[in-house]
Amino acid sequence: MTLSIPRLSLVVLIGPSGSGKSTFARRHFSPTEVLSSDACRGMVSDDENDQEATNDAFDVLHYVASKRLSRGRLTVVDATNVQPESRRPLVELARKYHCLPVAIVLDLPEALCHERNRDRADRAFGPHVVRNQASQLRRSLRGLRKEGFRNVFVLGSPEEVEAAAIERVPLWTDRSRDHGPFDFIGDVHGCADELESLLGRLGYEVVAPPDGSSLLGGPRYAHPQGRKAVFVGDLVDRGPRVVDTLRIVATMVAGGSALCVPGNHDVKLLKKLRGKDVRITHGLAETLAEIDALPAEARVPFTEELTKFLDGLVSHYVLDGGEVVVAHAGLKESMQGRGSAAVREFALYGETTGETDEFGLPVRVEWAREYRGKAAVVYGHTPVPSAEWLNRTINIDTGCVFGGALTALRWPERELVSVPADRVYQPSARPFLPADVQASAVPAQQLHDRMLDLEDVIGKRIVSTRLRGNVTIREGNAAAALEVMSRFAADPRWLVYLPPTMSPSETSKEAGLLEHPAEAFAYYRAQGAPRVVCQEKHMGSRAVVVACRDEDAARGRFGVEDAVGVVVTRTGRRFFPDADLERRFLDRVRAALTAADLWTRMDTGWAVLDCELMPWSAKAQELLKSQYAAVGAAGTAALPRAAEMLARASSRLEGEERAKLLEVEEACHRRSEDVARFVAAYRRYCWPVADLTDYKLAPFHLLATEGRAHVDKDHVWHMETLAEVCRADPGLLLATPYRVVDVTDPASEAEGIAWWDELTGRGGEGMVVKPLPFVLKGARGLAQPAVKCRGREYLRIIYGPDYTTEANLSRLRSRGLGRKRSLALGEFALGVEALERFVRGEPLRRVHECVFGVLALESEPVDPRL
């Protein structure tokens, strides 16, 4: 005997003690799915047979069951459950979480139950207990369905119990294995002309002509590439060709080229066809008139087929592995993939406040504004002027019947395709949007993102990323990030990316050096990257530039008014405190992007660039004064004077004492020379900045443009694309020099090392070594996105003037890179995730989850010199 139960259900085992419920549960369900009342008694009292702990035990059982059901996990309750009052809270629990309650009854002979209990030492109770339980069970059997159990299975003998097999079946709403691709089509309302035009634009073809006057006799449309249309409901009422619309849709559904969910107008028609008393309003009269106008011999079979078709429509569908949900009026996350009257009601009508507006229409609760679900939700029901994404939801009812358009959403492309209405078929009782909202050019998502929720960023968080799985953000780090972001950061709507930290190469074994390209090349060779890109490392400040083609692009994509972009530091602070200077800087960058035709080539109105902004002193002036210049000034003033005094003293000594003092004098001279090198090193990166002409910007990553995060392009593509932009304004923009090195070819490696020697020999900082692909997955997973290899003289700024003495170098060579590299990988994965979420049009809170994560990881204690 096969017992078919929904994959998501609350299974209630019912039977007297000794009927074999626990054995049945162990045989057919996993241990984590089964909640035993005996086990719960043991949890709260250390004694599974302590009847005084029963109430507490069932409190625990109901609590755990509620948590499992809320997470969409099948749950089995192993208890006697022979009394209605024991089953009632379980049925209520199933309804609360929109799950189907299933009863599996083990109605075995009393004698067998007594016999089994006698063999168990923990069942020391009289036969009257089982007798009473069996009596209560028999009285309950007929009423189980009335209690609310959707499925009831009664096993009346040991043979039936032994032969039973559990089959888990998906709910009708679960089509997650159907991966499409899909074309979601908004409310048609009988606008068959526009539907035919839209299907043509989407690429659907008539593969079978109309065949008769039955419901399934319409033209059969199908897509040559196997795409599937999904109608969001409200096929009927108001429009001029309701019958033709129904024939098209029903024929496509029957032929497997379409799915359809019901709309409230469709359900109202179904009630009328079944003889229910409904109000003939909102276009229903016109629909009934069209049906009545059918020839008498066709009308009855058409009506019967239509009743069956509408009755078979499912409230909503979960599609594409759970990535997208379709329902006529939308659906909250807690209802998706579940089945209950409340789910169907919400899917048809949405949620209202119970009030009516000035047009006599219900005031709707804007559930999409609070939506936090992982699945995208496609819906209609309430006409809007244009389809816009809001918190992973999109309303594609663009009011065709009211003179708007019929709109489709192509999935997974997320592309919108619309055909305008031929005319106004019926005036709308309510304007699509209030006049004050119509005046705003800021999209709905950007309007919503003006207010961020503190709960989305504080506390311990686990952020899921495509590149590195889950990245954990500790509570203390999140608090540090919030402090920086709330006090110092730019407008958060601009902050769609922050760059990761970068680890140095492994410590070099070369004499007198701490870092050398050979170790960087060896690292990527071991990671399976045959070619690397070596970029000159500029001594500036890391900067992220967001540049928009014009103010309309900034308003439309970022929701920021009267702006064309921003320049921020790697911690999200504005680089330029002077707004006028920033605007002039951005105007130059935008002009270069225009001259390079990047807007057109990338089909974008904005771009995000990862850059180095020079001079370093522009942002590090205070650091230079308080730390580097102070050390340089003190050493320059003190050490020559100390050497002079030592020379005078040594001239008055002889023998061994004179030799010792001369050694100290020589060391003092060496330290003085090191200080001079130290001063020369940091002075190379400092020059006065009085105006825009004193700055240089070196972009090296074109991170993202509309619809694309360019992490799929290799670093040569990034360098060459941006070099073309830099050529448009060489006064401000600096193309970063680079070399491609084959790390499997010693000659190529030697050329790369020679270039590093050249760069560092003339006082340069060094170079950054990156794998050719932007993202490299090595033998051990994600590889470092880049490692820096800094020159001997530059490292004096980092480690101090005399770090090159053998004693200091020996100590520094033991530096550990593990923590730094782990942070670099986590921050890189978070940064890429933020970009990809942004270009997908996800809510800003989802983007900021990653951006905050980068900033939080930056507060981890790690040697800042690395």
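The values are calculated or read from the model by the stated rules, or taken from the named source; none is laboratory data. These figures come from a predicted structure and were not determined experimentally. All Cβ positions, glycine included, derive from the backbone under ideal geometry; neighbour counts span all protein chains shown. All accessible areas refer to the heavy atoms of the entire protein, side chains included, with ligands and DNA or RNA removed. Shrake-Rupley method; radii C 1.70, N 1.55, O 1.52, S 1.80 Å.
Residues considered: VAL847, VAL839, VAL851. Of these, the only one that is under 14 Å from the mean Cα position of the chain (by Cα) and more than 23 Å from ILE458 (Cβ to Cβ) is VAL839. So, in the stretch 671-681, of the ones that are at pLDDT below 80 and open to solvent by 20 Å² or more (accessible area, probe 1.4 Å), which residue ends up farthest from ALA647 (Cα to Cα)? Taking the candidates together, the pick is ALA680.
Residues in the stretch 550-569 that are of a type in the set (D, E, K, R) and either crowded, with 19+ Cβ neighbours inside 10 Å or in contact with a Ser or Thr (Cβ under 7 Å, 6 or more places away or on another chain) (or both): ARG555, ARG557. Of all the residues in the stretch 228-259, those that are assigned to a helix (DSSP H, G or I), open to solvent by 10 Å² or more (accessible area, probe 1.4 Å) and in contact with a strand residue (DSSP E or B) (Cβ under 8 Å, 6 or more places away or on another chain) number 2. Of all residues in the stretch 41-70, those satisfying the criterion of being outside any helix (DSSP H, G or I) and touching a residue at least 24 places away in the same chain (Cβ under 8 Å) are GLU48, ASN49.
Inclusion of ASP38 among residues that are assigned to a helix (DSSP H, G or I), under 23 Å from SER135 (Cα atoms), of a type in the set (Asp, Glu) and open to solvent by 10 Å² or more (accessible area, probe 1.4 Å) is warranted.
Residues in the stretch 644-658 include none that are touching a helix residue (DSSP H, G or I) at 6+ places or on another chain (Cβ under 8 Å), of a type outside the set (Lys, Arg), open to solvent by 50 Å² or more (accessible area, probe 1.4 Å) and closer than 27 Å to MET767 by Cα. For ALA747, the conditions (1) open to solvent by less than 10 Å² (accessible area, probe 1.4 Å); (2) assigned to a helix (DSSP H, G or I); (3) closer than 25 Å to LEU513 by Cα; (4) among the hydrophobic types (A, V, I, L, M, F, W, C) all hold with the exception of (1).
Would you call LEU306 closer than 30 Å to TYR371 by Cα, open to solvent by less than 40 Å² (accessible area, probe 1.4 Å), touching a helix residue (DSSP H, G or I) at 6+ places or on another chain (Cβ under 6 Å) and in a helix (DSSP H, G or I)? The answer is no for LEU306. The set of residues in the stretch 312-346 that are free of Cβ contacts under 8 Å to residues at least 12 places away in the same chain and not in a loop (DSSP other than H, G, I, E, B) comprises ALA341, GLU345. Is one or more of the residues making up the stretch 171-185 in contact (Cβ under 8 Å) with a residue 40 or more places away in the chain and assigned to a helix (DSSP H, G or I)? No: zero hits.
I need the full set of residues from the stretch 585-604 which are over 11 Å from GLU706 (Cα atoms), surrounded by 18 or more Cβ atoms within 10 Å (Cβ to Cβ) and of a type in the set (Val, Ile, Thr), in order please. VAL589 - this is the single residue of the stretch 585-604 that is over 11 Å from GLU706 (Cα atoms), surrounded by 18 or more Cβ atoms within 10 Å (Cβ to Cβ) and of a type in the set (Val, Ile, Thr).
Looking only at the stretch 391-431, which residues are touching a strand residue (DSSP E or B) at 6+ places or on another chain (Cβ under 9 Å) and open to solvent by 60 Å² or more (accessible area, probe 1.4 Å)? Once the filter is applied, which keeps residues that are touching a strand residue (DSSP E or B) at 6+ places or on another chain (Cβ under 9 Å) and open to solvent by 60 Å² or more (accessible area, probe 1.4 Å), the stretch 391-431 yields PRO412, ARG414, GLU415, LEU416, PRO420.
GLY217 passes every criterion in (1) under 40 Å from the mean Cα position of the chain (by Cα); (2) at negative phi apart from (1).
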